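The values are calculated or read from the model by the stated rules, or taken from the named source; none is laboratory data. Bear in mind the structure is a predicted one, so any value in this text is a computation, not a measurement. Please note: Cβ atoms are built from the backbone with ideal geometry, for glycine as well, and neighbour counts cover all protein chains shown. For the accessible areas, the whole protein counts, side chains as well, though only heavy atoms, and no ligand, DNA or RNA atoms are used. Shrake-Rupley method; radii C 1.70, N 1.55, O 1.52, S 1.80 Å.
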Amino acid sequence: MLSTMQDVPLTVTRILQHGMTIHGKSQITTWTGEAEPQRRTFAEVGERATRLANALRDELGIDGDQRVATLMWNNAEHVEAYFAIPSMGAVLHTLNLRLPAEQLVWIVNHAADRAVIVNGSLLPLLAPLLPHLPTIEHIVVSGPGDRGLLADTQARVYEYEELIAGRPTTYDWPELDERTAAAMCYTSGTTGDPKGVVYSHRSIYLHSMQVNMAESMGLSDSDTTLVVVPQFHVNAWGLPHATFMTGINMLMPDRFLQPAPLADMIEREKPSHAAAVPTIWQGLLAEVTANPRDLSSMKQVTIGGAACPPALMEAYDKLGVRLCHAWGMTETSPLGTMAHPPAGLSAEEEWPYRVTQGRFPAGVEARLVGPGGEILSWDGESAGELEVRGTWIAGAYYGGAGGEDFRPEDKFSEDGWLKTGDVGVISPDGFLTLTDRAKDVIKSGGEWISSVELENALMAHPEVAEAAVVAVPDDKWGERPLATVVLKEGSTADYETLRAFLAEKIAKWQLPERWAVIPAVPKTSVGKFDKKVIRRQYADGELDVTQL
Ligand code: AMP
């Protein structure tokens with residue numbers, strides 16, 4: 001028997017129309033570095049998005065599912081592009097402005113982007129790439145920057161504000177199939193070529209609803225979220241869409257991502273929520289320790305993209321800011337888990353839950369798979385690779401492949417689950433604890449050592465600013481951990497002291513013998529520890545390693 005329910009497509013267009021009317025008064029505040037930030041209501045953003053869609057169609061001739069790329073910071077214009085492009089049936093392709101040039105070129109060509117909307121401040125990045133981007137016919141420039149850099153391009157160049165000025169404020173939005181592509185984002189590609197993940201209207205809609213649930217970020221129109229996580233990093237974790245659903249105000253840092261302006265922004269605009277990777281929170285902590293600011297407006301902060309060191313969580317607790325740990329991937333839209341402890345616990349009882357990656361929502365099914373392909377039980381002890389499936393989880397990559405070395409069976413199981421490459425355990429009450437990336441696990445004498453556990457223990461030392469642990473080849477054990485540490489200014493800690501500190505928490509056989517102090521942990525394009533660089537530096541003899 002079929003249901004008697006209506007079948008209305010779940011689309012980004014619907015989110016736009018809802019946000020700009022029902023929540024028309026909510027605001028996007030964009031930091032400008034000047035005395036006053038730029039403030040725009042959802043009604044204004046919606047109207048400007050509508051005018052942008054008209055311009056893209058009538059002036060640039062964007063049609064069908066053509067790709068329109070953005071090379072932009074987090075700001076109101078980028079949100080306008082977020083809604084205009086998918087709503088007209090085209091595909092938004094957010095470009096990661098921190099990728100190496102050759103990867104950006106590869107990605108734009110792979111996606112066959114026809115146009116790019118770019119912030120003026122990023123023209124020095126875009127201009128030298130243009131001769132290698134034959135598919136780009138149109139360049140729309142927004143905000144301050146040197147237009148002279150585009151003097152030699154074959155593509156047509158437009159000023160964003162001039163382009164949208166005077167365009168119609170209505171658009172005959174097409175009736176879209178909810179399963180069609182709305183947006184795409186390439187994985188940050190720590191191994192092999194980047195892989196394109198294509199989000200559908202339906203997946204974005206359902207994911208936004210999940211972001212807004214109390215068990216996830218659970219914000220409302222009385223909240224303001226500081227969106228530090230870039231709009232090119234998994235759609236800023238779904239926040240621009242989720243905010244238009246419930247009227248959450250957005251505070252956008254634009255290019256002012258350094259700790260000092262972030263601290264100023266928080267003190268002045270008093271966001272109640274923020275979202276960013278751990279390295280941002282590390283930097284901010286150092287800043288407010290040196291120059292105190294009031295961060296206490298932030299009731300909740302979503303921290304993810306890499307493991308949050310428990311010591312960081314404790315430090316923010318002392319500032320009255322609660323970090324809530326979340327796990328996800330480009331392939332999972334990204335919301336996978338969030339670490340809200342179960343109800344009714346004391347602060348002390350909550351702690352072991354808060355330091356996990358968290359619980360899965362109903363929309364994400366999870367299983368752990370052991371080395372022999374067996375499904376492991378949720379006993380909090382059996383470690384295996386995490387596999388997930390759900391309506392906002394990727395089931396394939398764009399173009400079917402991601403480079404010559406790519407084998408689909410490495411990423412998707414025969415029965416259609418995504419193999420995350422993350423290794424961990426799940427407790428009987430469904431809390432996920434990741435112990436490593438499959439490729440970062442240290443395999444020592446047939447046993448596994450978690451690099452993340454060693455890093456967290458090291459970063460709890462008061463004189464350690466950052467620590468990254470990688471596997472290095474060892475004649476006797478196969479692999480052993482190499483600890484690389486960044487010491488805080490003025491630290492006098494030596495390796496023996498650090499090793500003794502670790503020994504209080506870590507089994508003796510897991511303690512690293514190889515140590516190196518480094519000036520900073522290398523980071524990926526989205527601010528995560530880039531361990532492959534450390535492995536290479538070690539292999540090339542570039543590190544000053546001491547063996548204890
Ligand atoms: P990306 O697609 O760039 O967002 O990277 C996704 C990967 O980041 C995941 O597969 C994890 O390895 C890692 N990751 C994300 N969130 C967390 C977290 N809370 N704890 C540990 N690793 C994380």
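What tally of residues in segment 467-485 results from selecting those that are without any contact (Cβ under 8 Å) to a residue 60 or more places away in the chain and either away from the ligand (no atom under 16 Å from the Cβ) or over 24 Å from the mean Cα position of the chain (by Cα) (or both)? Counting residues in segment 467-485 that are without any contact (Cβ under 8 Å) to a residue 60 or more places away in the chain and either away from the ligand (no atom under 16 Å from the Cβ) or over 24 Å from the mean Cα position of the chain (by Cα) (or both) gives 12. Among the residues of segment 14-45, which ones are open to solvent by less than 10 Å² (accessible area, probe 1.4 Å) and within 22 Å of residue 181 (Cβ to Cβ)? Listed by number, the residues that qualify are 15, 16, 19. I'm trying to understand the selection: among the residues of segment 315-356, which are hydroxyl-bearing (Ser, Thr, Tyr) and either assigned to a loop (DSSP other than H, G, I, E, B) or near the ligand (Cβ under 10 Å from one of its atoms) (or both)? Selection gives 330, 332, 333, 337, 346, 356. Being more than 19 Å from residue 543 (Cβ to Cβ), assigned to a loop (DSSP other than H, G, I, E, B) and open to solvent by less than 50 Å² (accessible area, probe 1.4 Å) is the filter here, so list the residues in segment 505-523 that pass it. 506, 507, listed by residue number.
Please enumerate the residues belonging to segment 356-388 that are within 25 Å of residue 314 (Cα to Cα) and in contact (Cβ under 8 Å) with a residue 60 or more places away in the chain. Correct list: 356, 357, 358, 359, 360. Of all residues in segment 72-127, those satisfying the criterion of being in a helix (DSSP H, G or I) and within 21 Å of residue 250 (Cα to Cα) are 76, 77, 78, 79, 80, 81, 82, 83, 84, 85, 86, 87. Each residue in segment 382-410 was checked for being open to solvent by 70 Å² or more (accessible area, probe 1.4 Å) and modelled with pLDDT of 95 or more, and 1 pass. Cβ separations smaller than 9 Å between residues 6+ apart or across chains give the following pairs from segment 424-440 residues that are within 14 Å of residue 388 (Cβ to Cβ) and touching a residue at least 12 places away in the same chain (Cβ under 8 Å) to residues that are open to solvent by 50 Å² or more (accessible area, probe 1.4 Å) and more than 14 Å from the ligand (Cβ to nearest atom): 426/377; 426/378; 426/379; 430/378. I'm checking my understanding of the structure. Among residues of segment 489-517 that are over 22 Å from residue 449 (Cα atoms) and not small (Gly, Ala, Ser), which one is farthest from the ligand (Cβ to nearest atom)? By that ranking, first place goes to 492.
Here is a yes/no grid of residues against (1) at pLDDT 95 or above; (2) under 17 Å from residue 197 (Cβ atoms); (3) surrounded by fewer than 24 Cβ atoms within 10 Å (Cβ to Cβ); (4) of a type outside the set (S, T, N, Q):
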{"position": "59", "(1), (2), (3), (4)": "yes, no, yes, yes"}
{"position": "63", "(1), (2), (3), (4)": "yes, no, yes, yes"}
{"position": "78", "(1), (2), (3), (4)": "yes, no, no, yes"}
{"position": "82", "(1), (2), (3), (4)": "yes, yes, no, yes"}
{"position": "102", "(1), (2), (3), (4)": "no, no, yes, yes"}
{"position": "112", "(1), (2), (3), (4)": "yes, yes, yes, yes"}
{"position": "119", "(1), (2), (3), (4)": "yes, no, no, no"}
{"position": "123", "(1), (2), (3), (4)": "yes, no, yes, yes"}
{"position": "129", "(1), (2), (3), (4)": "yes, no, yes, yes"}
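The set of residues in segment 46-57 being farther than 16 Å from residue 242 by Cα and open to solvent by less than 10 Å² (accessible area, probe 1.4 Å) consists of 49, 50, 52, 53, 54, 55, 56.
Just a yes or no: is a residue in segment 350-359 more than 27 Å from residue 194 (Cα to Cα), modelled with pLDDT of 95 or more, open to solvent by 50 Å² or more (accessible area, probe 1.4 Å) and of a type in the set (A, V, I, L, M)? No, there is no match, as no residue in segment 350-359 is more than 27 Å from residue 194 (Cα to Cα), modelled with pLDDT of 95 or more, open to solvent by 50 Å² or more (accessible area, probe 1.4 Å) and of a type in the set (A, V, I, L, M).
Residues 368, 312: which one is assigned to a helix (DSSP H, G or I), open to solvent by less than 40 Å² (accessible area, probe 1.4 Å) and modelled with pLDDT of 95 or more?
Numbers: 368 fails: assigned to a helix (DSSP H, G or I).
Every option except 312 fails the conditions.
Scanning segment 448-485 for residues that are of a type in the set (Val, Ile, Thr) and under 19 Å from residue 521 (Cα atoms) turns up 452, 464, 469, 470, 472, 484, 485. Within segment 295-307, is even one residue over 20 Å from residue 279 (Cα atoms), out of contact with any Gly (no Cβ under 7 Å at 6 or more places or on another chain) and open to solvent by 20 Å² or more (accessible area, probe 1.4 Å)? Yes: segment 295-307 contains one or more residues that are over 20 Å from residue 279 (Cα atoms), out of contact with any Gly (no Cβ under 7 Å at 6 or more places or on another chain) and open to solvent by 20 Å² or more (accessible area, probe 1.4 Å).
Any chance you could count how many residues in segment 282-294 are touching a residue at least 24 places away in the same chain (Cβ under 8 Å), of a type in the set (A, V, I, L, M) and open to solvent by 40 Å² or more (accessible area, probe 1.4 Å)? The qualifying residues number 1. Out of 240, 168, 261, report the one residue that is assigned to a loop (DSSP other than H, G, I, E, B) and of a type outside the set (D, E, K, R). Result: 168 is the single residue among 240, 168, 261 that is assigned to a loop (DSSP other than H, G, I, E, B) and of a type outside the set (D, E, K, R).
Is there a residue being crowded, with 18+ Cβ neighbours inside 10 Å, within 29 Å of the chain's Cα centre (by Cα) and closer than 30 Å to residue 231 by Cα anywhere in segment 487-504? No, because not a single residue in segment 487-504 is crowded, with 18+ Cβ neighbours inside 10 Å, within 29 Å of the chain's Cα centre (by Cα) and closer than 30 Å to residue 231 by Cα. Scanning segment 411-466 for residues that are away from the ligand (no atom under 11 Å from the Cβ), under 25 Å from the mean Cα position of the chain (by Cα), small (Gly, Ala, Ser) and open to solvent by 30 Å² or more (accessible area, probe 1.4 Å) yields 416, 460, 465. Residues that are among the hydroxyl-bearing types (Ser, Thr, Tyr), under 30 Å from residue 215 (Cβ atoms) and touching a helix residue (DSSP H, G or I) at 6+ places or on another chain (Cβ under 8 Å) do not occur anywhere in segment 463-484. Residue count for segment 36-71 under the criterion of being assigned to a loop (DSSP other than H, G, I, E, B) and either over 19 Å from residue 156 (Cβ atoms) or of a type in the set (Val, Ile, Thr) (or both): the result is 5.
When segment 144-166 is filtered for residues that are small (Gly, Ala, Ser) and farther than 11 Å from residue 126 by Cβ, the ones remaining, listed by number, are 148, 151, 165, 166. Just for segment 507-525: of the residues that are among the β-branched types (Val, Ile, Thr) and free of Cβ contacts under 8 Å to residues at least 60 places away in the same chain, which one is nearest to residue 186 (Cα to Cα)? The qualifying residue nearest to residue 186 (Cα to Cα) is 521.
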